[in-house]
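Following: one structure in structure tokens, then a few remarks.
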Amino acid sequence: MLAKSAMERRLRPVKEYLFSPFRGIRLFLSTKSQSDLSNSDTASVREISKEKVTSRHSRSNRSRLVLPIIVLLSLVILWSLISFFNLFPSYALPTPLAVLKSFKEELISGRLFNDMIASLWRVAVGFVLSALLGIPLGLWLGQHLRAREAFTPMLNFFRFLSPLAWIPFAILWFHIGDKPAIFLIFMASFFPLVIAIMSAVATIPAIYFRVAYDFKYSSWETITRVTFPAVLPQIITSLRVSYGIAWVVIVAAEMVGCQDGLGYGIWEARNGLRLDAAVCYMIVIGLLGMGIDRLFMQFTKMPNIRWGYER
Amino acid sequence: MLAKSAMERRLRPVKEYLFSPFRGIRLFLSTKSQSDLSNSDTASVREISKEKVTSRHSRSNRSRLVLPIIVLLSLVILWSLISFFNLFPSYALPTPLAVLKSFKEELISGRLFNDMIASLWRVAVGFVLSALLGIPLGLWLGQHLRAREAFTPMLNFFRFLSPLAWIPFAILWFHIGDKPAIFLIFMASFFPLVIAIMSAVATIPAIYFRVAYDFKYSSWETITRVTFPAVLPQIITSLRVSYGIAWVVIVAAEMVGCQDGLGYGIWEARNGLRLDAAVCYMIVIGLLGMGIDRLFMQFTKMPNIRWGYER
Amino acid sequence: MSDENEIWRLTLENVSHDYSGLAVLRNLNLRVKAGEMVVIVGPSGCGKTTLLNLLSGYIKPSSGSVEIDGVIRTVYQQDGLFPWLTVEQNIAMGLRNLDDKQKREREIKDLVELIHLEGFEHHYPHQLSGGMRQRVELARVIAGDSDILLMDEPFSALDYQTRLRMRYELVRILKKRPRTVVFVTHDIEEAAQLADKVIVLSTRPAHISRKLNINTDRPRNPTSDSVIAATREILDVLGLETPTGKDI
Amino acid sequence: MSDENEIWRLTLENVSHDYSGLAVLRNLNLRVKAGEMVVIVGPSGCGKTTLLNLLSGYIKPSSGSVEIDGVIRTVYQQDGLFPWLTVEQNIAMGLRNLDDKQKREREIKDLVELIHLEGFEHHYPHQLSGGMRQRVELARVIAGDSDILLMDEPFSALDYQTRLRMRYELVRILKKRPRTVVFVTHDIEEAAQLADKVIVLSTRPAHISRKLNINTDRPRNPTSDSVIAATREILDVLGLETPTGKDI
Amino acid sequence: LRFKPWNKTAPLNVRDVVHDGPNTLATRELTVGYLPVTCHLTCPVTDFASKTTKSNTNFNSRVFTDFPTVVSALEAKQVQATFMIVPLAMKLREQGVPVKICYLGHRDGSEIIVAKKSNIRSMGDLKGKTVAIPSLFSNQNFVFHKLMADYGLKEEDIRFVVLPPPDMPTSLASGAIDGYFVGEPFCAKAELDGYGRVLYYARDIWPNFISCALVVHEDLINDKPDVVRDLVRGIAQSGAWAEKNRSEAANLVAPYFRQDQKVLEYVLTSEPRRVSYVQLTPSEQDFKLIQDMGIGLGLLKKRVPLNELIDDRFIPQDIEPANIQVKR
Ligand SMILES: Nc1ncnc2c1ncn2[C@@H]1O[C@H](COP(=O)(O)OP(=O)(O)OP(=O)(O)O)[C@@H](O)[C@H]1O
Ligand SMILES: Nc1ncnc2c1ncn2[C@@H]1O[C@H](COP(=O)(O)OP(=O)(O)OP(=O)(O)O)[C@@H](O)[C@H]1O
Ligand SMILES: [Mg+2]
Ligand SMILES: [Mg+2]
């Protein structure tokens, strides 16, 4: 029994993120897979690639999909049973049917689609902004010990401030509509991102910089051709985490006088006393979040990033 | 409202670290420090410990403190200048003086202290709950590939749901006051924690289990004496991250009929059109968040955890 | 040792092993006497670790029989010490069956002395050098009621000079506490320095291409004649006398 | 080689080095001829890496002078290949100065052939075995206009048989593309197999305890007489003939 | 700023669908803030009216989720006219934000709701109970305290909690609170779902109860008095129309509020005492009472001269119902 799990554990990393929908989660927060019992250092390449191929196909895709679907289905069935036997009154827990109905309604009116686009747009802009500013800042801080020491307390301080607390400032500084929402998303995702990238840079093996020095890389080349690619796998991980934050924050961000968006939809549903619509929007938010998370995982398959998840 | 002795008990540790600010932030999200050019495998122990001692003392603690303070001071000065030259109207950005005044006011009335205790209490309970449930679940899922595959999509789905969206359910199921707030904090911190611990377990080197098998550890011993201590460093890291989430969520959580707490303080300040008080509460939230984060870092110094951050 | 002559600690008879279609070991026959030191060498990926797993009973052979007589402990190539336990606690793992607390403590003290690590009882593995860690592993597997030690390239992560010293160390410790040892290595010099019997495996599917007895006393100098002669013979069997890089 | 006799690639005169109070090297004198292969051995922590850093100009000596004549490249003990670049791109790092694209491509093709890695041009380092990675490192430092190779225990992370093969590989490659080499190793056999001249360093603060010339042709069999004789002598200088574990 | 590919293809917002398109005659535009509560019903009606009837100004109604956000938006002059609870407007004025109350939003429109099964029959029974109010700066809070005083209840006899209105019905249903005092439709919801019962209509405790008013930034009044005039007239006419065509009004605002039309219709038609949209001229008398109570509670710090706060210059002489046709 142990033998098998050890083997599986060994085989996991490669397989895991090729086919199954949600597997890259294991990569969440951990970029290196474990060392294993066999020393494959000296195995010939033919062997290595063969092993990879077999391990990839060793468990069928289908079984990977079936289990999560069973879990989800049983959740839905549980929910249906609860509402069928009226364990909670319908105002306390909308029935699956009511949610489905409101889903259909929102879909047909085109509002759901509109809200999705609006939210995706805001999250995308806020997130891209924080990536554009956060990645260079994180790289810079990671390489300068003094600067890192000087700024981490500040970064950490701002990390703990809820976007809800920023709302008045968001409106006063950025007025209402998209801009303050983007600002709030930015504020929520920027600081954790910078801190994560900063820490990642601090763990780059010194040898890479030594090699860059040997080959006479200029300092600009060192940043773009060594530091950046060396932390790219961890940048992707950090981006996933901070994207996750950005997406969770959408509900808070769309309090600021937005007229559409999934988060706004939830507020409107609450104000409109429509718990069914609220649940419908929650489901859409959860599913879209998961979906985009999977998109990020596609990056981890790029050959010049994948090394960070393989060794 | 809260028993005084309990209050004191809760406060003591906080005091301890208030005076040794912000070191160790570098550990955030990174468990392994970089390898370096010199191969110290064969260095004698005397050398190793000496090196460690020197590196610990190689830069004075003071300089470690000075830089962040300079940064914070310049932030405050910038803020003062902005409000001095009226770049923003005072309703858009309260002056430092006004904030200080409201700080004094809240402090003297005892409300600030009361709010701090209330928030800390809620976060502590919600967080401890999610740790108590999340750690065993994470350990279990980490060791069972099938279960992991089955439940990750679900965990991931719930991870993306904003606590704000849960508010109506929190009220229906837990009424108002502390309980729904705790529920919201739990919902926000539980899922990321489980996912992180699950991933950590999946990266435990198989060799430890092999050794446990050789020494005939029972499966219960394996979990408590191998799996758990092996991921303890990563559990601490995960706890820090999820505690961070719990603390950020306090503002959202205290929307639901709380009559005290720092998050409620922000709502009240906003409702009472007191931006100065809101800023004062934001500062307290940020500082407390940072402070408790430092408490967690104390764990990383424990000898049977520290190895995870050293090698 | 001569009076134990007839105790066979490990017996492999006609053992073959496949991993889901991959033929790894073919018809191995091997008997290990109590107190004997058997060293296994062979090309990488030929199945040496698989063989040890068969010997320890960790996996069952696809065909043939494995008989084990005694308590088995293994030293792995990677660091198998638990980093969350101190030196003392790691060594105590081998004494789990000893209920008498005082006896256990005395035994631990003895073992720590044996591996020359007095003063480091309460250090954690990450505070020790590679050589020290390997000595703790030795103490852990030698502790208590173990009879047979399996060692899978235990010294290959160390540098040469430490490796050299660890071989002498192993010999010295085994002198004090005799055990039956099956030792896997890539290092032919190591095999020649340590073995009573060297088993050379062929490439996969592996059979035993040569059994070689070395009868000189240990410790052996790496440049002593018997070691050189054995080295030469093993290199020859493995075709490594003038290797080319093509198949690295 | 004899006509280059008088070109000194590296010259150390009375070099000493301290790390903030820690005396590491003391009064070293060393001259390395063009095309020569100098191997440095010594106890761990004695300052071998420091010496290479001085030779490469990466650090300045506390006193004394270092003269370098030529372009220097280094192979490190750890994997120095950039894992985000393919084999081809890694090798191309050594050809950064070559502006002619066609020439560069031809050169890369030559080098890939030299290290027998045809077909792996577009593989990433993590897709290769340890020996293959070290060969790519060799190609990278040999590429282009390099004159001097510094190698800091380049093969110590490999297993014995691969190490053996890599030594032959290095000799073969250097035959085709002669370079001046300063090679640091812990492995005395390796030193004896590869060196024109072995420099044995003492413990810290290190001075040169012995310079040893080996004049046999390469490649040398590890069990050949000249290698054994040199090994014996070095072991003797280092006091490793019957080492004890005390100071591991 | 926004990329909107769906504008061309997908059907627009439901809010836009009911419109017949922008009023082509309108030369000016103004955004007016409101919350999706029936107290603010005239706002979307005016929005609708301005686009379907002939008027000089196009009014866009912008829905908010809570009052603090509305305040921030007003301070930042992102909306220059909005519906707002009256005490909050006073507080704003007190803090020097130049706002004026130009008109009222409604009369009445609030109820004290208690659990249906409870045996609370009057104010006195609420002693020792938990009651939710929407905000400390709501008129509901003020009036409730006045009522307590009338019944001889002391401050500590009732436990007040501030809750977002949408959470009140659920809190009552779950038993977390014993009653609440808030504007519609959050009262009707509890009644319709069968767990709430009206204890008092607002007009029973305070005739001509006011909760929300139209608040306009002084800058707008100074810069574009015509727009303000149009706005007040529009709201007055909308109110007059809604008062008469209650069912149609419910039908019209349901998509604006994204609320269940049934609930709105219930609010507007079940009981005429619930809410009315006439007599919306602010009177100093009413406001003085509110102010007194606010100061009594310590929530308002100083007395703002009411003639500075109220600006009734824009109220039209005679109010005709707006000419609104709602398609069925
Ligand atoms: N659990 C496993 N499942 C499938 N194949 C395996 C398993 N373990 C090992 N193998 C394969 O069996 C062969 C022999 O493996 P083994 O680890 O025994 O070789 P080895 O001689 O110990 O190699 P090395 O010298 O690298 O340590 C290899 O080809 C390996 O890929
Ligand atoms: N940058 C540095 N700062 C301070 N001390 C250093 C530094 N680099 C090395 N040392 C110390 O100098 C001594 C020599 O180090 P060096 O790395 O040169 O030894 P080495 O012979 O290469 O050791 P090894 O055999 O482990 O590779 C060691 O004691 C080491 O701790
Ligand atoms: Mg093996
Ligand atoms: Mg070195």
>> Taking the Cα centroid of the range E:107-145 and of the range B:141-200, what is the distance between the two, rounded to the nearest whole Å?
In response: 35 Å
> In the range B:272-311, with Lys and Arg counted as +1 and Asp and Glu as -1 at Cβ, which of these residues, B:GLY272, B:MET302, B:GLY289, has the Cα nearest the positive end of the dipole, that is, farthest along it?
Replying inline: B:MET302
>> Can you give me the long-range amide H partners of E:THR31? Hydrogens built in the peptide plane at 1.01 Å from N, cutoff under 5 Å, separation of 5 or more residues or another chain.
In response: E:ASN60, E:GLN80
>> In 5 Å bins starting at zero, report the fraction of Cα pairs in the range C:78-146 per bin as a rounded %.
In response: 3, 20, 34, 25, 13, 4, 0
> Cα axis of helix D:101-114 to longest principal axis of chain D: angle in degrees, 0 to 90, nearest 10?
Replying inline: 60 degrees
>> What are the extents of the Cα atoms of chain E along their three principal axes, in Å, largest first?
In response: 58, 44, 41
> When a footprinting reagent is the concern and you count Cβ atoms within 10 Å, what order do C:ILE208, A:ILE285 take, fewest first?
Replying inline: C:ILE208, A:ILE285
> Between the range B:205-240 and the range E:29-89, how many Å separate their Cα centres?
Replying inline: 61 Å
>> Would you work out the Kirkwood radius for chain D? I mean one over the mean of 1/r across all pairs of different Cα atoms, in Å.
In response: 18.9 Å
> Which is farthest toward the positive dipole end of the protein assembly as shown among C:LEU164, D:GLY35, B:PRO153, measuring Cα position about the Cα centre, with Cβ charges +1 (Lys, Arg) and -1 (Asp, Glu)?
Replying inline: B:PRO153
>> Give me the three principal axis extents of the range B:155-287 from the C-alpha atoms, as integers in angstrom, largest value leading.
In response: 67, 33, 22
> So what's the gap between the Cα centers of the range E:165-217 and the range D:128-179, to the nearest angstrom?
Replying inline: 83 Å
> By its C-alpha gyration tensor, with a ≥ b ≥ c as the square roots of the eigenvalues, how is the range D:25-155 shaped: rounded for a/c under 1.5, else prolate for a/b larger than b/c, else oblate?
Replying inline: prolate
> At C:GLU105 and D:ASP99, where each label point lies 7 Å from the Cα along Cα→Cβ, what is the point-to-point distance in nanometres?
Replying inline: 7.9 nm
> What is the log10 of I(q)/I(0) for the range C:118-211, computed with the Debye formula using one identical point scatterer on each Cα and no solvent, at q = 0.23 Å⁻¹?
Replying inline: -1.32
> Which three extents, in whole angstrom, do the alpha-carbon atoms of the range E:234-328 cover along their principal axes, largest first?
Replying inline: 50, 31, 23
> Projected onto the charge dipole of chain E (+1 at Lys/Arg Cβ, -1 at Asp/Glu Cβ, origin at the Cα centre), which of E:THR69, E:GLY294, E:LEU88 gives the Cα projection farthest towards the positive end?
Replying inline: E:THR69
>> Can I get the semi-axes of the protein assembly as shown's equivalent ellipsoid? Compute them from the C-alpha gyration tensor as square roots of 5 times the eigenvalues, in angstrom, largest first.
In response: 74, 33, 29
> Of the beta bridges DSSP finds with both residues in chain E, what % are antiparallel, to the nearest 5?
Replying inline: 60 percent
> Over the protein assembly as shown, what is the percentage of antiparallel beta bridges among all DSSP beta bridges, to the nearest 5?
Replying inline: 55 percent
> Among B:SER130, C:SER129, which comes first, then next, by fewest other beta-carbon atoms within 10 Å?
Replying inline: C:SER129, B:SER130
> Under the Karplus relation 6.51 cos²θ - 1.76 cosθ + 1.60, θ = phi - 60°, what is the ordered set of whole-Hz ³J(HN,Hα) values for the range C:131-141, x standing for Gly and Pro?
Replying inline: x, 5, 4, 5, 5, 5, 4, 4, 4, 5, 7
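Read-outs: derived from the displayed coordinates by stated rules, not from any lab. If you're wondering where the values come from, they're calculated on a predicted model, not measured in any experiment. Note that each Cβ is placed from the backbone with ideal geometry, even for glycine, and that neighbours are counted across all protein chains shown.
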